[in-house]
Structures are given as structure tokens and as C-alpha cells.
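Peer 1: Have a look at this one before I ask anything.
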Amino acid sequence: MDDYNFTTLNDKEFELIAKDLLNAKYKLGLQSFKSGKDKGIDLRFSTSGNNNSIVVQVKHYVGSGFQKFKKVLITEELDKIKKLAPDRYIVVTSLPLSAVQKDEIKVALDPYILTSNDIFGKEDLNGILFDFKEIEKKYFKLWFSSINILNTVFNNAIEGRTKYMLEQINEKIRFYVITKKINDAIKTLQKGKLLLITGQPGIGKTTLAEIILFDRAKNGLKIYKVENILEAEDVISPNPDEKQLFYFDDFLGANYFEIMNASNTETQLTNFVERVKATPNKYLILTTRTVILNQAIERYEKISRSRLNNQQFEIKLSDYTKYEKAQILYNHLYFREIPERLLDAIISNRFYMKIIEHNNYTPRIIEFITDTHRIYNLSPDAYKQFILNNLRNPKEIWRYSFINQIQYLDKCLLLTLFTFEIEQFEISLIGAFEARLQYEKTKHNQIITANQFHDSIKVLLNGFILSSLHSGKPIKRSYRFINPSLVDFLIGYVVESFPERKSIVSSFLYVEQLERFNPERGIIPLEEELQIIIRDMVPKEQLTSIQRDRVSFVGGVRSAAYMRILITYCPLIDTDAHLLENFNKLNFEEDWDLFLEDIEYFLVNVADAPQTYHYIKQNYIKIIEKVMITNDEVASAEKIPELFEKFGYKYLDYLQDNDKARDIITDMIENVLCKSEEDLKYAHEDTVKDKDEVSDIYKEIYILEEKLLEVLLPDISPSYDLKVTIDWSFWEEKVETNIVKAEAEDSAFDDYDEDYYKEAMSDMSDEDDEIDNLFSKND
């Protein structure tokens, strides 16, 4: 039997479940009443002889003790009971009660409590729940107040990051309001194995995803929170019986840098989606902002053609009823234990309706305006003004806290974390922050303490940022923003302040920090003065890399990266000498595979650099042949003839009577085709079920081959027949395996019931009336 402590239910929800349980046990038709009008009655049963024949008092005492509970019954309820004169008085509480404690209550309320059996504590309610499973199912949030269920959830977290995430979700369950959206979302996941949740900032995308994760973990799925596709690929199991659910929050926003700078990232993403679709008991939840998804669909062909383009599950503000908005507000007020004076300010004159009906209402704003750390010292009038200001200017919800509640160096750490687009490990954040501190010490005469990083972290933790521990040897700690809206605010803050932009840019330590300022985005200005600062970092070799530590950021890797930085981030200033210097550092004898993308980007985009252009032109054949020997990407291969024209060469002249050139190009085409075949194998190896499908797959390779031959070897002789042959030894095994898998039905949703998630609430004849009842205070 599950042992529920009811801590995930608010007082109104607890009263509803108490009514359902007593009605089920005693076959009564107990009536409930509007809060604040009870005169000692929460529930009652009336007869012709006595309207108050049975009176029930419900007390939800989360975190309180027995003595306080007993005192309230005697000092506040006993006089009411005497006036009501019930034939029978029942007390229900969420507190655990011993037999001795029940007897004490019976004696204190004598003669109205007929027997100690009419006093129901936590254990008694759990016993009734065990007998009436339909009530247990009705209250979704109830499940997550069970230690047994929580242990199951946490045991299904595969590694430290995921376990930490589930622990954080557990803290938020009580704030959640069950809407029809959760039902629809789980049906979508069940049917399509992919749930792509989109919507505007703060609308509840991540919350919906997290609730589903928690629920699915309860039902036995192994949960994986991943930061990129490579992580997911490493842990997806080929075993069709292993139930796995992968969660990728803000999957486009967090990987913008990767997608912009790696031509195969979109392929990896779409291929993984197909792999999940094709493998039994594998599921994927993604979240992103609607505008970012639309940009990706418009920009990237493979994303546009993938299932991601037609499986959006969008959340809109109109999806929330007015009563659901009221419940979200009420839960935050109740569980965050807002000071009484501030709660009264919201209740008086129905101020809560101004919040609920405001056009800018979002769950994120409700979370912000009920954060006790921000509002505790406000007067009632100041609190109401604080709420209205944030509703009128939702993009500014962090300004007051940022300006007034943290010190200057704490702001510097927050802005240092801002320069990274993804969650950052402590070691790299410390390095970047120390670079900023050195700048502040030198330029602004700031006094820096020896423990400044940890001092600032203590201030920012949980109010502005969150930390996670990652399993491994050694255990690593990472940091991320507590809320995406804080990033939105910081973007605006940095855009408004040139001095701040200058301080940030001057303090860069890692190339990854630059991406926030990418001119291609057109979000944060990068003036000439700032571009000069970036340019001058190059000869000093001031910038290193986090992502490339595993291959060492030295030699050609560093030179090629610097060339790309100069092209991307310094378009308004002269970088010619620096480009030429770094190009001259390239070693033509070493393998260019590790930095070929940067070289290709440089060759395509270099402009207004006469010395560098002249050098490339003088050494062009040597350079381009090195590129072709290394390349295996379709898009890069197709650009080769254009590069010849750009640097004053005729591609067809290069081919003519040049067997070496033809051999190099032929080898490049073969490499491209081999790479494309490997991509197709990965994308389809879990789906093909007959040889005809395999033949159809290879048609794509043949079409690509014809296209490359037409572009790169337009006058080839029959001796250059490159036809890729089908690897039947590989595909026959896959076909056989997939036929077996297809016969196995998914079992991860066997327990799903479409009525499982209906919210426990009274039938509403008047929505505004129900909202008033929700916010009215008991006598």
C-alpha cells in the first residue's frame, strides 16, 4: 500500500479528496461549501430533522504538529460546534495520529465526536485510498506525495544530472495544475513516440515536459536528460524491451552554436528522431520556443523535411481557462506561504482577478511575483504595484532583482555565465570569471577577495542560478540559469549598455563565449571598438576553447578557429595581417580533418583582405587539393567550383588533362558518398523491413552521385563509374532484426487511461464564483 503524506495537495484539494473518501466509505452525499462561509462546516450531511446531522471539519496541516492541531480544534472550532449542534462530528486531518492522540481529541470535543473512529488521520485516509483505487487515480498530484512512488521515480534516473532534475521536479509538483493539455500531450507521445512541445517564453513548456517525465518514471521508464544528440546516441539501447525516455530541453536554443557551426548536427538530430521512432519502447520529448523552431525549419532543409516539422504540440495562453490560471496563482500563494499581509493584499477587492485576467499573464510571471525572496520586505501597496509593473512589462521581471538585490561582482559572475549558451561546468566558469575579475581589478579598481567566485555563487544560487552534480570521477558541478526569462532580460540589459558589452568582450577567455555576439544573429551589437578588441586577442593567443580541449586547442586547430573568429566577429575592421599570419601557420603535412569546417568557412567568406587573398591565390591549388583530400561533406564538395572562380581560377581548366586532379576529385566524391551511405545506414537501420526498402534508400545515394558527377566531373569518361554497391551483408541482418522488433508492441503505455488525468474539482456553474471561492479564507 502506498503511504501518501498529502503534501502535494493544497488545502482546497485536500478537502475535496476528504469528501470523496468519506462519501465512498459511508455512502453519503456530503455537501461542500464555499470557503469563508462555513461557520465551522467544511462538509455536511443533512436530514429532515437536522440540517447539520453530520458535520465534517477538514484540517490540512502540512508541516504542523499535533499540539497546534488540537489547540485550534479547542480554541477556534469548539464554540462553532456547540452552535451547530450536530448529531455526529467528524474530523479529518493530513497529520498522522496515534490512538492516544485520537482519544485526546474525542475527549476535548465531547460529546460531539461519538467515537474515535470518526477522527481520520493520515493512516486512515491511506487505508480508504487502498480500498477505493478510483479515487487514488483521480488525484494526479497525490501520487507524488508517496515515498514508494518517489523512490521508483528516482531509481529510474540514469545518472546524476537526471536524478537532480527529477528531484527539482518533485519540488515543483505541488505548484502544478492538471489541465487537459497533459492528457493530450501523453496521447501524442504514446502515439508518435515523439513529443515536441513549443510555445512562447514562460507559457509552461518545460513544466509540462517535466510532469510527463515524472509520471513516466513512476511507470517504469528509464529517464535520460541529455544536453546534445551525441549524449543520447551513447545511451540509447538496442534492446527493444528496455523502456527509455529521452528529454532534451530547449533543444534548438541550447545547440544553436553546434547547428550553426557543424554541418552534420541537423543530420544527427533528425536521424536520432527516426531511430527513436523505429525502436520499440523508446520515446523522446523536446522543448523549444515556437519562433526558434520556425527559424530552424526555414533555415535547415533536413529539419524542415523531418517529423519535427509536423509534430508540434504547441502551448498557448488560450489553452488555460480562467479558473486554471486562478489555480496556478493560488498554488503558488499557498505553497510558498506568502506573508499574511501580502496575501490579504491579493485577496482584498478581488485583486487576484486583475492578475488572472491580465493579457500578459503567464505561469512564469506567477512564479516570479510569488517568490518570497523578492517580495518578503514589500508593503502590501508596494507588492500590488510590483505585481502590476511585472504584468505590464513582463520582459523586465528581473530588472529590480538584478539592480537592487545583488552586488556588482555578483552581477559580473551572472553576466559571465550569460556568455555561455549552455549549462557550464564549474571549472570553465571559474576560468572565465577570473578573466572578468582581472579586467575589473585593472580597469575599474575593484577589490577582489580570494573566494570571490564562491562568495558570489552563494548569493546567486537558487535566486538566479541553479547547480547540478554530475556523476563520474571526479564528480563535476555545473551551473545554469534558474529561468530562461533571466537570459531574455540579460540580453536586453547588455544591448542597452555599451560599457557592459565592452567589459564582457574584453574579458573573453573561451571562443564559445563569442557566440552570444555573433553578428549573423543581429541581436547584440558588436561595434568596431569591440571588434578591434576581439581582433587584438588573436595575436596574443588569448582565446582558448572548452569544446576542443580533448584534441588540444593548438596548431592548425587554433589557427583555423582564429581565422573563423576574425571573419565572423570582425567584419567592419581590417583583419588582413592577422588572417595571413594564421593561414601561414597551417601545416600542410598534418591532417586537416579536425578543423576543415573552419578552413572551408574561411575560404567561402574571406573578403577585403588583399594580402591574404593574394597568398591564397598564389598557393590556391595546394590549398584546395588539401581541402578536397580531407572533405567528405556534400555541401562543401558542391562549392568547390565556386571557390575556383572566387580566387581567379577556372575549374574546368584545372580538370583538363590533369589526371591527378581527376583522381583527387574522384576520391572526394567517393568519400562523400561513403559518408552519405553511413548517414543513411544510421537513419534507416532500425526501420527497413524488406529489400525493396533498401533499394529505395540507395536511390538517394545514386541521385547524389549523379549530381556530384555533373558538378565536379562534367566531362567524365565511362571509366569513372562510381556506382555505390549495396552492402547486403549489413542490410539483411537489419531487415531480419526489424521484422522481429515490429512484432513486439510498445509496452511503455500499457497502463495509460485517457481519463487518468482528470482534475479533481467541483462542477463549475459559474467560473468567477468558483475563483472567488478558491481565494476566500476560512473563518
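Peer 1: Give me a count of the residues in segment 681-730 that are part of a helix (DSSP H, G or I) and at pLDDT 85 or above.
Peer 2: Residues flagged as part of a helix (DSSP H, G or I) and at pLDDT 85 or above within segment 681-730 amount to 26.
Condition check ((1) in contact (Cβ under 8 Å) with a residue 40 or more places away in the chain; (2) in a helix (DSSP H, G or I); (3) in contact with a His (Cβ under 9 Å, 6 or more places away or on another chain)) across all residues:
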{"site": "Val557", "(1), (2), (3)": "no, yes, no"}
{"site": "Ile565", "(1), (2), (3)": "yes, yes, no"}
{"site": "Pro571", "(1), (2), (3)": "yes, no, no"}
{"site": "Asp574", "(1), (2), (3)": "no, no, no"}
{"site": "Asp591", "(1), (2), (3)": "no, no, no"}
{"site": "Glu597", "(1), (2), (3)": "yes, yes, no"}
{"site": "Gln611", "(1), (2), (3)": "no, yes, no"}
{"site": "His614", "(1), (2), (3)": "no, yes, no"}
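Peer 1: Follow-up question, since we're still on this one. Under the condition of being touching a Ser or Thr at 6+ places or on another chain (Cβ under 8 Å) and surrounded by fewer than 19 Cβ atoms within 10 Å (Cβ to Cβ), which residue from segment 137-163 is nearest to Arg480 (Cα to Cα)?
Peer 2: Selected residue: Gly160.
Peer 1: Let me ask another. Which ones in segment 217-234 are part of a helix (DSSP H, G or I) and touching a strand residue (DSSP E or B) at 6+ places or on another chain (Cβ under 6 Å)?
Peer 2: Restricting attention to segment 217-234, the residues satisfying the condition of being part of a helix (DSSP H, G or I) are 217-218, 229-234.
Matches in segment 217-234: Ala217, Ala232.
Peer 1: Condition first: of a type in the set (S, T, N, Q) and more than 21 Å from Tyr4 (Cα to Cα). Now tell me which residues in segment 96-119 satisfy that.
Peer 2: We begin by selecting, within segment 96-119, every residue of a type in the set (S, T, N, Q); these are 98, 101, 115-117.
Once the filter is applied, which keeps residues that are of a type in the set (S, T, N, Q) and more than 21 Å from Tyr4 (Cα to Cα), segment 96-119 yields Thr115, Ser116.
Peer 1: Among the residues of segment 432-465, what is the count of those that are polar (S, T, N, Q) and not in a helix (DSSP H, G or I)?
Peer 2: 5
Peer 1: Report yes if some residue within segment 532-549 is among the small types (Gly, Ala, Ser) and over 20 Å from Leu429 (Cα atoms); otherwise report no. Break it down stepwise before answering.
Peer 2: Of segment 532-549, the ones among the small types (Gly, Ala, Ser) are 545.
Narrowing the set further to residues that are over 20 Å from Leu429 (Cα atoms) leaves none.
No: segment 532-549 contains no residue that is among the small types (Gly, Ala, Ser) and over 20 Å from Leu429 (Cα atoms).
Peer 1: Could you check segment 516-540 and list, in sequence order, the residues that are without any contact (Cβ under 8 Å) to a residue 40 or more places away in the chain and under 27 Å from Ser478 (Cβ atoms)?
Peer 2: Correct list: Arg521, Ile523, Ile524, Ile534, Met537.
Peer 1: Restricting segment 411-460 to residues that are more than 15 Å from Arg501 (Cα to Cα), hydrophobic (A, V, I, L, M, F, W, C) and touching a Lys or Arg at 6+ places or on another chain (Cβ under 6 Å), which is surrounded by the fewest Cβ atoms within 10 Å (Cβ to Cβ)?
Peer 2: By that ranking, first place goes to Ile448.
Peer 1: Would you call Ser497 in the same structural domain as Leu543 (by TED's automatic domain parsing), more than 16 Å from Gln424 (Cβ to Cβ), touching a His at 6+ places or on another chain (Cβ under 9 Å) and modelled with pLDDT of 95 or more? Write out each step before concluding.
Peer 2: Working: in the same structural domain as Leu543 (by TED's automatic domain parsing): yes; more than 16 Å from Gln424 (Cβ to Cβ): yes; touching a His at 6+ places or on another chain (Cβ under 9 Å): no; modelled with pLDDT of 95 or more: yes.
In short, no.
Peer 1: What tally of residues in segment 616-639 results from selecting those that are in a helix (DSSP H, G or I) and either under 19 Å from Ile665 (Cβ atoms) or not assigned by TED's automatic domain parsing to the domain that holds Glu581 (or both)?
Peer 2: 16
Peer 1: Take segment 210-225 and flag every residue that is surrounded by fewer than 23 Cβ atoms within 10 Å (Cβ to Cβ) and small (Gly, Ala, Ser).
Peer 2: Result: Gly220, single match.
Peer 1: Same structure, new question: Find all pairs meeting these conditions: Cβ atoms under 6 angstrom apart; at least six residues apart or on different chains; first residue within segment 328-340 and in contact (Cβ under 8 Å) with a residue 40 or more places away in the chain; second residue small (Gly, Ala, Ser) and buried (at least 20 other Cβ atoms within 10 Å of the Cβ).
Peer 2: Pairs found: none.
Peer 1: Could you check, for segment 656-672, whether at least one of its residues is touching a Lys or Arg at 6+ places or on another chain (Cβ under 8 Å) and either part of a helix (DSSP H, G or I) or closer than 30 Å to Asn281 by Cβ (or both)?
Peer 2: The answer is no, given that none of the residues of segment 656-672 is touching a Lys or Arg at 6+ places or on another chain (Cβ under 8 Å) and either part of a helix (DSSP H, G or I) or closer than 30 Å to Asn281 by Cβ (or both).
Peer 1: So which of Asp653, Asp657, Asp715 ends up being surrounded by fewer than 16 Cβ atoms within 10 Å (Cβ to Cβ), more than 29 Å from Leu269 (Cβ to Cβ), over 41 Å from the mean Cα position of the chain (by Cα) and touching a residue at least 60 places away in the same chain (Cβ under 8 Å)?
Peer 2: On the way: Asp653 fails: touching a residue at least 60 places away in the same chain (Cβ under 8 Å); Asp657 fails: touching a residue at least 60 places away in the same chain (Cβ under 8 Å).
One residue alone meets the criteria, Asp715.
Peer 1: Right, another one. Might you let me know whether segment 472-495 holds any residue that is more than 30 Å from Glu167 (Cβ to Cβ) and not in a helix (DSSP H, G or I)?
Peer 2: Here is the first cut: in segment 472-495, the ones more than 30 Å from Glu167 (Cβ to Cβ) are 492-495.
Narrowing further to those that are not in a helix (DSSP H, G or I): none.
No, because not a single residue in segment 472-495 is more than 30 Å from Glu167 (Cβ to Cβ) and not in a helix (DSSP H, G or I).
Peer 1: Something else: Can you name the residue in segment 315-336 that is in contact with a helix residue (DSSP H, G or I) (Cβ under 7 Å, 6 or more places away or on another chain) and charged (D, E, K, R) and is also nearest to Arg374 (Cα to Cα) among such residues?
Peer 2: Arg336
Peer 1: Run Tyr112 past the list (1) without any contact (Cβ under 8 Å) to a residue 24 or more places away in the chain; (2) farther than 25 Å from Asn10 by Cα; (3) surrounded by 15 or more Cβ atoms within 10 Å (Cβ to Cβ) and report the number of the one that doesn't hold.
Peer 2: Just one mismatch for Tyr112, condition (1).
Peer 1: Considering Lys180, Lys133, which residue is surrounded by fewer than 18 Cβ atoms within 10 Å (Cβ to Cβ) and under 28 Å from Thr362 (Cα atoms)? If you could, list the steps in order and put the result at the bottom.
Peer 2: Numbers: Lys133 fails: under 28 Å from Thr362 (Cα atoms).
On inspection, the qualifying residue turns out to be Lys180.
Peer 1: Scan segment 191-240 for residues that are farther than 30 Å from Pro394 by Cβ and acidic (Asp, Glu) and jot them down.
Peer 2: Glu231, Glu233, Asp234
Peer 1: Within the group Glu396, Glu357, Glu367, which residue is among the acidic types (Asp, Glu) and either modelled with pLDDT under 90 or assigned by TED's automatic domain parsing to the domain that holds Lys172 (or both)?
Peer 2: Result of the check over Glu396, Glu357, Glu367: Glu396.
Peer 1: Further question on the same structure: If only one of Ser552, Ser545 is assigned by TED's automatic domain parsing to the domain that holds Leu514, within 32 Å of the chain's Cα centre (by Cα) and exposed (fewer than 14 other Cβ atoms within 10 Å of the Cβ), which one is it?
Peer 2: Answer to the selection: Ser552.
Peer 1: Has segment 81-95 got any residue that is modelled with pLDDT of 90 or more, assigned to a helix (DSSP H, G or I), within 24 Å of Tyr4 (Cα to Cα) and not charged (D, E, K, R)?
Peer 2: No, the conditions are met nowhere in segment 81-95.
The values are calculated or read from the model by the stated rules, or taken from the named source; none is laboratory data. Worth saying up front: this structure is predicted, and the values here are computed from it rather than measured. For neighbour counting, all protein chains shown are included, and Cβ atoms are generated from backbone atoms with ideal geometry for every residue, glycine included.
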